[in-house]
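Values in this text are rule-based calculations from the coordinates and carry no lab data. A quick note: this is a predicted structure, and the numbers were derived from the prediction, not measured. Because the Cβ atoms are built from the backbone with ideal geometry, glycine has one as well, and the counts that use them run over all protein chains shown.
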Amino acid sequence: MLGLLEGIEEYNNQGALLGLEGVDDGELLGALRKMNPINRLRMVSKLSNTGSASKGSRAEMEKFFGELPVNIKEALVKGELRLADSIIYSIKPVTSKTIKLFETQDDKEIGLRNISNSKLPKNQAFLVSGIILLAGTAADASKDKVIATSYKGLEDFPAIANGEFNLKSNKKQIVPETSNTVFKTGNNHYLPLGYYKLANPRLIHDDVLIEMTVELGTMDGIPQNTYIYAAMHGTITTP
């Protein structure tokens with residue numbers, strides 16, 4: 001047990017990774033009594049020392065340690081996985097009133113999206129802390145022009161700003177139907193452009209479908225070759 005604790009000192013909420021949360025007090029005391037006095041003192045000291053407080057989406061991720069799959073918990077404890085900031089993104093054309101940002105036929109491709117088949121890779125779990133939605137008009141529909149497009153705030157795209165979006169994971173709602181006006185942050189100097197901070201972050205497990213859909217009430221005023229950039233910002237487990 002002490003060896004495992006050496007590997008997770010960088011994390012707060014260590015008890016959730018070790019499976020100690022909710023353990024019966026008598027069971028824990030019994031395990032401590034079996035240790036020699038020096039090891040017992042070290043164990044109590046480590047369990048009671050939370051270290052410096054984590055910040056941002058990392059702090060939010062640590063609150064969800066108890067919900068991580070056992071294999072990911074074990075890999076974090078052993079140091080085979082760590083926590084990292086990440087943005088999962090996808091770019092899709094606005095060719096109809098319904099735009100599906102992540103689809104099962106998608107392949108990972110630099111500049112267009114960074115996951116395949118609308119799923120996280122094996123042994124990765126991702127906490128969605130915030131969502132970004134931007135739009136831009138490409139010079140034409142070629143891949144190079146789409147990737148080279150300047151993506152801007154929805155203030156320049158009223159028809160998109162007045163639409164709605166939703167986000168699901170494994171058919172469960174992360175964000176229900178919500179107005180796209182939440183992404184109009186151009187006049188808010190405390191937030192990145194097009195960033196919507198979730199008051200209730202949610203965990204996405206590996207190998208489950210991610211679905212993000214934008215619904216528009218009209219296509220009026222949307223130029224040809226307009227594309228949407230959608231991204232989920234948060235903390236991910238990574239080697």
**Partner lysines for LYS122 [C-alpha distance under 24 Å; skip if fewer than 8 residues away on the same chain]** = LYS63, LYS73, LYS78, LYS100, LYS108, LYS168, LYS171, LYS172
**Message:** Taking amide H atoms as placed 1.01 Å from N in the peptide plane, list the residues 5 or more away in sequence, or in a different chain, whose amide H sits under 5 Å from that of ASP206.
**Reply:** GLN124
**Where only alpha carbons of segment 199-239 are counted, the Rg and the Dmax (Å)** = 15.4, 46
**Prompt:** Given labels modelled 7 Å from the Cα in the Cβ direction, how far is it in nm from ASP156 to LYS97?
**Reply:** 2.6
**Message:** Under the √(5λ) rule applied to the eigenvalues of the Cα gyration tensor, what semi-axes describe the equivalent ellipsoid of segment 100-215? Give them in Å, descending.
**Reply:** 23, 20, 13
**Prompt:** Got a sec? Which residues in segment 223-239 would a label at LYS78 touch, if it sits 7 Å along Cα→Cβ and we count backbone N under 14 Å?
**Reply:** 239
**Prompt:** Size of the dipole of segment 102-166 about the Cα centre, Lys and Arg at +1 and Asp and Glu at -1 on the beta carbon, nothing else charged, in debye to 20?
**Reply:** 280
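Using every Cα-Cα pair within segment 58-108, state what percent have a distance larger than 18 Å. If you can, show how the numbers build up before the last one.
Details: 694 of 1275 pairs.
In whole percent, the share of Cα-Cα pairs in segment 58-108 beyond 18 Å is 54.
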**Computed E for THR218/SER142 - FRET, C-beta separation, R0 45 angstrom, nearest 0.05** = 0.95
